[in-house]
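Structure first, then comments.
All of the numbers you see were taken from the coordinates with simple rules; none came from a lab. Because the structure is predicted, anything quoted here is derived from the model rather than measured. Note that each Cβ is placed from the backbone with ideal geometry, even for glycine, and that neighbours are counted across all protein chains shown.
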Amino acid sequence: MDQQNQTPAKTSFGITGILVKLLPILVIVFLALGVLAFVYYSISGIVSAARADDFGWFLDGVVSGIQRLGFNLFAAAVLAGISKRIEKN
């Protein structure tokens with residue numbers, strides 16, 4: 001038997017191994033939170049507009065929802081980029 005050519009298996013259970021497994025989950029969480037924030041602030045704007053009888057409250061709710069969605073999409077994109085960068089190395 002030729003046992004000289006066998007190499008031991010690499011174990012990557014360090015911090016990078018944990019990050020590689022955790023970052024895609026965080027990306028999905030940020031995307032879901034962005035969508036939920038958009039829906040929440042839009043509904044909040046509708047309720048505020050109906051209560052105050054003012055269209056400006058509706059626009060405020062939608063713009064706030066878009067703002068939170070944008071922040072969460074940016075965070076998800078940064079985490080996805082970091083994840084790809086770690087996997088590449």
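Modelled label positions at residue 82 and residue 20, each set 7 Å beyond Cα in the direction of Cβ, lie 1.7 nm from each other.
Derived value for the range 9-89: Kirkwood hydrodynamic radius 14.4 Å. Basis is the mean of 1/r over every pair of different alpha-carbon atoms.
In this label model, residue 52 and residue 28 are separated by 3.9 nm, measuring between points 7 Å along each Cα→Cβ vector.
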